[in-house]
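The structure under discussion appears below in the form of structure tokens.
Where a number appears in this text, it was derived from the coordinates with a stated rule and is not lab data. All figures in this text were calculated on a predicted structure; none of them were measured in a lab. Cβ coordinates were reconstructed from backbone atoms using ideal geometry, including for glycine residues, and neighbour counts include every protein chain displayed.
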Amino acid sequence: MKTKYGWAVAVLAMAVTVAVALIVVLQPPVKKSAVEPVKESVPVAQPQVDRSADAVAKIGDYVITRGQLEERLVRAIQPREAEYAEEIKPVTAEAILREMLAEKAMSMEGRQLGYLNDEAIHQRIEELQQGRLAMMVQESLFPEPPSVDAAEVDRLMKERPQLSREQATSFAQRAAGMKIFEQFHSKLVEKFHLKKVQSSFAQAAQIHQRLLERPVTPRGPGEYWIRNSQVRDELSEKDKNLVLATYDGGQYTLKDWFNVICNMAPPRRPGDLSTPAGVERLLDLALRAPILVAEAKVRGYDKDEKLRADIRQREDQELLSKLQEEKTKGVGEPAPEQVKAYFEKNQERFAQPAAVKISQIWCENLQAAQGLQATLDKGEDFETARKAHSIQKEEEPHNVSAIGEGLFWAELWKADPGQMIGPMRGFYSSGVKWRIVKILEKTPAKVQPYSEQVANSVKWAMMGEQRQRVLEDCRTELLAKYPHEIFGDKMQDMDPLEIAMSKGNK
């Protein structure tokens, strides 16, 4: 990567041997259950209410803009993968806006209930913030890739003939960047008076060995690694708070050390962590990120508006998920006889879906589609025209169904084999474009016999419907609880298809 951000990622990844200090950024967080809540949550800057002409609604200190609503509308009309047919419902700006307001209300309710103190949520937010802060310092250190001598590039190419000059230059730049980073890190160690607590290493090694070899809850066959749940449940608070290092403004504990381990793929975890020397080696790598974070805070990067907004958004997502999880805990599996009865009343929903084999010509805009249709009406061969004029020439004739075509399916199914339809719209990439479609074959839906596989699909459909009913009741309740305002005059003439067409033409 040649961008400033790319160089920051590359050099920092090298500085922590690719897998450790910024693992919070480069890998998704591990889902954990809550235990005792932490005392404080991450401080969050409250956004100012935007009263611009783009606002279509507000609730609390949240504002929903026209642009945000348009994005959701486009996503709402996109077809979704499913194992069974779903009813295609009209998508309106009013309905989607209500969903968005309800989601904000649910996040607000989660804050009121103290869900930010949930240990798992707190840790994921903290990891996101620390990773971003460390990266901001890295970006400032490498505004441009470091310069290297041509002689050094020539030397690398001579040692490794398989490298191109561009690749050799990149390797040389990264090596130079590592030297700069190590010098910078050494200064930070002195600046923040980083000190390792050597007396804790033996105890840390013993605890690691205990969790690895003598888990309280037996692990599954072939599982030779320490689980996240062990760190959560099998360590006392005293163990978790064992200090391994201190620095101005913070300390690094055994829990922090284990979090690094648990975010590493088991095959990549060092094999000497049950020794004091192994504890220290991993600690030396893991301490890179906290020192960068300390420097970021001294520079005031933690007050960055973009960072605070991103943290707030992540909090909202976590709170929404947590509240939905709590509200739907009571949704259980239906009894086998209920599943079968539901299937017998809705056999067509779980049938092998109807299919239409089509060939299609995608056009840049309506005018191009109309012109092409006129040419086809004069007798030009459809396949010849497709190969010559479609903006997606590599697409061959293929089968489509209601699951992929969504709201365009009804028009396709009505047509007869051999018939050309168009211009008509269709989903193209993340938007919608015009196309001319030729119907080649039609295959009706086929009801499937009741089986274990079908029963499983029916069961999940029933549970999904129950879950949605519970959440809809929750949304209604919370929208009544939290005052909100909709600016109806700001969302007139919002046609989801027209919006998707404009995005598809960008």
So how far, in whole Å, is the C-alpha centre of region 287-336 from the one of region 215-259?
21
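Which value in Å does the Kirkwood hydrodynamic radius of region 352-443 take, with 1/r averaged over all unlike C-alpha pairs and then inverted? All intermediate terms of the calculation are to be shown ahead of the outcome.
On the way: mean 1/r = 0.0759 Å⁻¹.
Over region 352-443, the inverse of the mean reciprocal pair distance is 13.2 Å.
List the DSSP H helices in the chain whose Cα atoms stretch 27 Å or more along the helix axis and whose mean Kyte-Doolittle hydropathy is at least -1.0. Write down the numbers at each step before the final one.
Details: long enough: 93-112 (28 Å, -0.33); 119-141 (33 Å, -0.41); 165-191 (39 Å, -0.65); 305-327 (33 Å, -1.72); 452-481 (43 Å, -0.66).
Span-like helices here: 93-112, 119-141, 165-191, 452-481.
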For K433, K503, K322, order by how many other beta-carbon atoms lie within 10 Å, fewest first
K503, K322, K433
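In the structure shown, do any of K89/K345; K387/K442; K393/K442; K58/K433; K255/K303; K255/K297 have a Cα-Cα gap over 25 Å, and if so which?
On the way: K89/K345 20 Å; K387/K442 23 Å; K393/K442 23 Å; K58/K433 32 Å; K255/K303 27 Å; K255/K297 22 Å.
Beyond 25 Å: K58/K433; K255/K303.
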Please report H398, H185, H122 as a ranked list, fewest other C-beta atoms within 10 angstrom at the top and most at the bottom.
H398, H185, H122
How many Å³ per residue does the convex hull of the Cα positions in the chain occupy?
231
